[in-house]
Amino acid sequence: MSHLRILHFSDVHLPFPPGFFRTGEMLHPKRMIALVNFVLRRSGKYARGVQKLNGLADFLRREPVDYLLYTGDSLNQGLECEYMQAARRLAEVICLARRGGLAVPGNHDYYTSGAMAHYRRYMAPVLPSTDLPDATTESGFPLVRFMENSAVAIALNSSVPHVPFWDSSGRLDDAELASLGRLLKQERIVGRKHIFLMTHYPFLDTDALHGLRNSQPLFQLLKGHSNVVLLHGHNHRIYVRQAPELDIPVYCAGSLTKEGAESFWLFELFGGGLNPRQGVWKNARFVLRDPEAVEE
Ligand SMILES: [Fe+2]
Ligand SMILES: [Fe+2]
């Protein structure tokens, strides 16, 4: 029986590169207003983001995994100079997975419509592509990754560039949901032991300004699919919950880089189980917590 190791991480929020404030893109009103909020409330918590990302690379060399699943928020404001730095750094980590992976953008990556164009230009080419190009819609998603014979990952985008900086809610695209519905009718998808369905926004959080606004159509599609595992980021705190009615697990990876709360999930697929372990930052490196120490 195959024994797959799958690592899910999220919300890297790499620090701004030097001189970012001198770029013309910073004159965008949303960025100018949000920068004050960022400097006052956030920047100190993610200042050592590069060290933590390098720490993940170090972990992957010590304890190799087969697939990396990344649920976005690499940046802060989706600037071109941020993308130029982050694309290279993330590519260096993603390539350490033995067999590949999948990634989706977060709301800080899709900060403005211009930032979406940067994602397509800089990030998409260095991130893993899909195994099923016919399932991809105009948005560039869903992406599909077959993981041996036992599992498959499907990535949906839920990040939307809103004008007000305080609106950080997400929405699933109708065309992507329709494509997912078609995928969930295929035996090569539903016949696997585990279907990892990933997006940036929290599936169970429907808050109008911070959550996923339209999770209900998705939950309708997932009814009867007890082999689905939901993965997301956006909330910078690691946890696992059960989706009511569906009775399937929902994992939030938290933030890889948030000072004092650095985290990821490692799933070891054997015996039909997921066997989840939490990655934590301890003594300047990532290690795995004891299996019985998983937080609920
Ligand atoms: Fe985030
Ligand atoms: Fe986010």
In the neighbourhood of residue 63 defined by beta carbon distances under 13 Å, the net charge of the other residues (Lys, Arg +1; Asp, Glu -1) is +3
Considering the dipole of the chain built from charges on the beta carbon (Lys and Arg +1, Asp and Glu -1) around the Cα centre, which of 40, 102, 242 is farthest to its positive end?
40
Residue 225 and residue 113 label points (each 7 Å along its Cα→Cβ direction) are spaced in nm at 3.1 nm
Take the Cβ-Cβ distance between residue 26 and residue 242 as r, set R0 to 51 Å, and report the resulting FRET efficiency rounded to the nearest 0.05.
0.75
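About the Cα centre of the chain, how large is the charge dipole given +1 on each Lys and Arg Cβ and -1 on each Asp and Glu Cβ? Please answer in debye to the nearest 20.
Numbers: 33 positive and 30 negative charges, 128 e Å.
So the magnitude is around 620 debye.
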Calc'd 3J(HN,Hα), the stretch 201-211, phi into Karplus 6.51 cos²θ - 1.76 cosθ + 1.60 (θ = phi - 60°), Hz, glycine/Pro = x, comes to 7, x, 4, 9, 9, 9, 3, 5, 9, 9, x
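Go ahead and run the numbers for FRET between residue 138 and residue 285, Cβ-Cβ distance against an R0 of 41 Å, rounding to 0.05. Could you put the intermediate results ahead of the total?
On the way: r = 42 Å, r/R0 = 1.02.
Taking R0 as 41 Å, the efficiency between residue 138 and residue 285 is 0.45.
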Considering amide H positions built from the backbone, and no H for Pro or chain starts, which residues 5 or more places from residue 132, or on another chain, come under 5 Å of its amide H?
144
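Quick one: how many lysine pairs does the stretch 4-293 have with C-alpha atoms less than 20 Å apart and a gap of 8 or more or different chains? Give me the count, please.
On the way: 45/258; 45/282; 52/258; 52/282; 185/193; 185/223; 193/223; 258/282.
Going through the stretch 4-293 pair by pair, I get 8.
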Using the Cα centre of the chain as origin and beta-carbon charges of +1 (Lys, Arg) and -1 (Asp, Glu), tell me which of 204, 79, 228 is placed farthest towards the positive end of the dipole.
79
7 Å from Cα along Cα→Cβ at both residue 204 and residue 270: what's the point-to-point distance in nm?
2.9 nm
What is the magnitude of the charge dipole of the stretch 83-153 about its Cα centre, with +1 placed on the Cβ of each Lys and Arg, -1 on the Cβ of each Asp and Glu, and no other charges, expressed in debye to the nearest 20?
280 debye
Here FRET efficiency (C-beta to C-beta, residue 95 to residue 36, R₀ 51 Å, nearest 0.05) is 0.90
Report ³J(HN,Hα) in whole Hz for each residue of the stretch 213-223, in order, from the Karplus equation J = 6.51 cos²θ - 1.76 cosθ + 1.60 where θ = phi - 60°; Gly and Pro get x.
6, 10, 7, 4, x, 5, 4, 4, 5, 8, 4
For helix 174-183, what angle does its Cα long axis make with the longest principal axis of the chain, in degrees from 0 to 90 and rounded to 10?
30 degrees
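Read-outs throughout are calculated quantities, based only on the coordinates presented, and are distinct from any laboratory measurement. As the structure is a computational prediction, the values presented were derived from the model and not from experiment. As a convention, Cβ positions derive from the backbone with ideal geometry for all residues, glycine included, and neighbour counts pool all protein chains shown.
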